[in-house]
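Values in this text are rule-based calculations from the coordinates and carry no lab data. Given the structure is predicted, the values throughout are model-derived calculations rather than measurements. Backbone-built Cβ (ideal geometry, glycine too); neighbour counts: all protein chains shown.
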Amino acid sequence: MVEDSLITEELRSKIGIESEPEVYEIEKGMIRRFVQAIGDQNPLWQDEEYARKSKYGGIIAPPTFIPIIGYEGIQQERSALLSSIGTLHGSTELECYQPVRAGDTITVTSKIANVRERQGRRMGKMVLVTFDITYKNQRQELVARCQQIIIGYKIEGVKYG
């Protein structure tokens with residue numbers, strides 16, 4: 001490791017290590033509050049009668065709901081690993097395989113898939129940490145995969161942690 005690298009040994013040691021599974025019960029109220037917060041009026045998310053007549057047979061969560069499942073736990077893990085530097089959200093890629101429904105029990109696991117460093121034009125040295133997150137339902141069926149990149153940076157003169 002280069003002496004002034006933002007990639008710590010602790011961070012490097014976590015690459016490929018899957019987190020402990022976290023289990024979340026999805027309830028109608030969670031879905032309803034989420035769609036109200038984002039202002040999505042799609043009746044599949046909130047109109048019981050309409051959703052029952054659809055190919056899904058009932059209310060489902062919008063795909064954008066998936067990354068919030070387990071967000072707090074994942075965020076705590078990230079904060080602990082990157083506590084000595086500032087962070088920004090870099091990107092999110094989501095692949096959905098089946099809908100999330102009220103009554104589902106979703107198990108979330110995450111791991112660091114990649115860590116790389118690069119020189120930014122304005123912020124100086126940055127570390128890009130790629131997290132792979134997996135969501136499975138109560139039947140252990142893959143519901144979705146999410147890849148998020150978090151950008152870590154250090155601003156001279158600012159103390160972190």
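Label positions at Thr8 and Glu141, each projected 7 Å from the Cα along the C-beta direction, are separated by 4.1 nm. Annotation: extensible slack from Gln76 through Glu95 equals 4.5 nm (criterion: 0.36 nm per residue apart, minus Cα-Cα distance). Along the chain, counting only chymotrypsin sites (Phe, Trp or Tyr not before Pro) with a DSSP assignment other than H, G, I, E or B and at most 12 other Cβ atoms inside a 10 Å radius, the longest segment between sites is 1-96.
For the chain, the mean residue ellipticity at 222 nm estimated from helices alone is -6000 deg cm²/dmol, where every DSSP H run of n ≥ 4 contributes -39500 (n - 2.57) and the total is divided by all residues, rounded to the nearest 500. Computed from backbone phi with θ = phi - 60° and the Karplus coefficients 6.51, -1.76 and 1.60, the 3J(HN,Hα) list for the range 27-36 is 10, 3, x, 4, 5, 4, 5, 5, 5, 5 Hz; x is used for glycine and proline.
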